[in-house]
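*Asks:* Can you read through this structure? Questions will come right after.
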Amino acid sequence: MASIRARLALGYGAALLGTLVAFSAALYFARSASADQDLAVEAVEEADHVLRVVRAYATQERPAVDFRPVNGRFVTSITQGMAMELDRHSGYFFVFGRDDLTLYVSPPLRILRVVDPDSYNELIDAARSLISEGQGIRISLDDEASGGSRSMLFAMRREASSGSLIARVVAGVPTSAAELASRLLIGTVIAVVPVVVILSMLVAYWFAGRALGPVEEIINDVEAISDGRSLHRRLVTGVEADELSRLTMTLNAMFARLEHSFGALRRFTADASHELKTPLAVLRADVERAMNPATSPTERLVALEEALAEITRTSDLVDSLLTLARADEGRFDIVREPVDLAPLVREVFETATLLGEGAELEVNLTAVEEGTVLGDASRIRQLLLNLVTNAIKYTPAGGRVDVSLARRPQHLEIVFSVRDTGIGIAAGDLPHIFERFWRADQARSRRPIPPQSGLVDRGGSGLGLAISQWIAQAHGGSLSVQSRLGRGSVFTVTLPTTAVS
Ligand code: ADP
């Protein structure tokens, strides 16, 4: 496949060639048409000239035509004097009398009559066929003298004055001179056009090279960047606002997105491995402890219980990872059925009360309004529970957690919010809390979930809020947070309600 540069030059050459050929053809036809007109004028002038000669010669004493009896019939013929006068003329012409009688044939035609009688006969027949004034005809002749090439005559006739025995004059002019110009034109075109086209293609090739030069640079730069390790680099954008500048800007934007995604992927993989490594190490220690013959049966049981808790935590983590991976791929099908939110919130509130008791917190349900959402009940429960357990986890004893469900009928929305008086989140941390595996300063104490709550304390993996946000968005809603360090936080879930709710 030829390069774009070569294809552009070829395309340009083809277009130019087509244009030049069309232009030359138009010029040739225009030239031929005007040549025919010129010849017609010339032939008419020639015939007029002959008529003038005849008129100038013919007087009472010098008649141009004789009319005398021969063998009992009257025969019209041109007088010798008139013939001699006309012989001095070198053009091609016939002088016809009444009844198409040929009175005079000019010397060049007389020669033609001898050397090529067929052409001569053809010519005189054509000349006779011209019957109205000013009419013209092209006659092709086989010119044997010039090796079979065809010479042309253009004939015109003029009526002689009425009453005269000379009826008309038909004069011809050779077309070769007029055709020479057309032939020269064709010759010039054939000689010049290829040179012009080749030169133009070379120029076009050079220009295309210049115009596409930056593309070559972009390709090299993109190759250097896209090896994966240089995604931080960017292409240099040209100063002109042309297509190439737009291309570099688009590629730069793509690299920025790729860099972001690659970074996130790398962090995610590193975090996931790290998160899995710790429970596996604990598990290994527990199993080793249980297998040790020196371990007492009670200790062995404790070790196995710990191992079980780690297994639960790990499988939970793997579940969360799987959920997010499927969500990323768009493979997670959310069930769409009407979910009555009020009972769900009351249920979550009961769990929160239980958790709150163990944590010495006051848990309130400040409002519960009715509202139906189209979605997946178990996923929505997971979302609400995540927020409530977080509020309890991150609120010190003596604090308060308020849960509410309020409708915004004018917006066809329902809002679930969890307000706590806990440790809050620093302003600098707020943009990150929905990121996967993100957790605020590990040194900050996190309340363990009391065993009597029935909930397993999964130790926190930093995936809860990421999954919660995905659930809210998958239902066409959103999850937002307002928080101040040391003052508490408010997590708000907004979900669209069905029209009937
Ligand atoms: P984790 O399992 O660590 O709780 P999450 O994704 O649920 O993971 O939360 C991410 C981080 O956001 C937490 O580690 C915590 O630092 C912060 N966070 C979440 N909820 C609250 C809250 N109610 N108050 C203070 N910080 C919170």
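Bear in mind these aren't lab numbers, they're just calculated from the coordinates by the rules spelled out. In this text, all values refer to a predicted model and were calculated from it rather than measured experimentally. Here Cβ is always computed from backbone atoms with ideal geometry, including for glycine, and neighbour counts include all displayed protein chains.
*Asks:* Calculate the dipole size of the chain relative to its Cα centre from +1 charges on Lys and Arg beta carbons and -1 charges on Asp and Glu beta carbons; express the result in debye to the nearest 20.
*Replies:* Its charge dipole is roughly 540 debye.
*Asks:* Now for a separate question. Order the peptides 11-18, 340-347 from the highest to the lowest mean number of other Cβ atoms within 10 Å of their residues.
*Replies:* Answer by packing, highest mean first, reads 340-347, 11-18.
*Asks:* Can you tell me the relative contact order of the chain? Whole percent, Cα pairs under 8 Å, sequence separation 6 or more.
*Replies:* Normalised by residue count, the contact order of the chain is 10 percent.
*Asks:* Okay, next question. For segment 334-496, rounded, prolate or oblate, judged on the Cα gyration tensor with a ≥ b ≥ c (square roots of eigenvalues), a/c < 1.5 rounded, else prolate if a/b > b/c?
*Replies:* prolate
*Asks:* Same structure again: Between Leu17 and Gln482, what is the spin-label point distance in nm, taking each point 7 Å from the Cα along the Cα→C-beta axis?
*Replies:* It is 7.5 nm.
*Asks:* When the dipole is taken about the Cα centre of segment 4-182, and only Lys, Arg (+1) and Asp, Glu (-1) are charged at their Cβ, what size is it in debye, to the nearest 20?
*Replies:* In debye, rounded to 20, segment 4-182 gives about 300.
*Asks:* Can I ask one more? With +1 on each Lys and Arg Cβ and -1 on each Asp and Glu Cβ, and nothing else charged, work out how big the dipole of segment 334-496 is about its Cα centre, in Debye to the nearest 20.
*Replies:* For this selection, approximately 440 debye.
*Asks:* In addition: Take the Cα coordinates of the chain, assign each an equal point scatterer, and use the Debye formula without solvent to give log10 I(q)/I(0) at q = 0.07, 0.11, 0.12 Å⁻¹.
*Replies:* Here the Debye-derived log intensity ratios amount to -0.65, -1.01, -1.10.
*Asks:* Now, a different point. Net charge near Ala56: determine it from the other residues with C-beta under 12 Å of the C-beta of Ala56, scoring Lys and Arg +1 and Asp and Glu -1.
*Replies:* Net local charge, Ala56 excluded: +2.
*Asks:* Check Leu365: other-chain or 5+ apart residues with amide H under 5 Å from its amide H, H built from backbone geometry?
*Replies:* For Leu365, the qualifying residues are Val403.
*Asks:* Using the Cα atoms as the points, what is the convex hull volume per residue of segment 230-332 in Å³?
*Replies:* 102
*Asks:* What does the extension gain come out to for Leu202 and Gln80, with contour length at 0.36 nm per residue minus their alpha carbon separation?
*Replies:* The span from Leu202 to Gln80 would gain 36.8 nm if fully extended.
*Asks:* Another question, then. Cα centroids of segment 1-58 and segment 372-404: how far apart, whole angstrom?
*Replies:* 92
*Asks:* Report the antiparallel proportion of the DSSP beta bridges in segment 334-496 as a percent, rounded to a multiple of 5.
*Replies:* Roughly 80 percent of the beta bridges in segment 334-496 run antiparallel, per DSSP.
*Asks:* Using +1 at the Cβ of each Lys and Arg and -1 at the Cβ of each Asp and Glu in segment 334-496, identify which of Gln469, His432, Val363 lies farthest towards the dipole's positive end.
*Replies:* His432
*Asks:* With each run of n ≥ 4 DSSP H residues scored as -39500 (n - 2.57), what mean residue ellipticity at 222 nm is computed for the chain after dividing by its residue count and rounding to the nearest 500 deg cm²/dmol?
*Replies:* -18500 deg cm²/dmol
*Asks:* Can you give the direction-averaged projected area of the convex hull of the alpha-carbon atoms in segment 1-147, in nm²?
*Replies:* Result: 14.5 nm².
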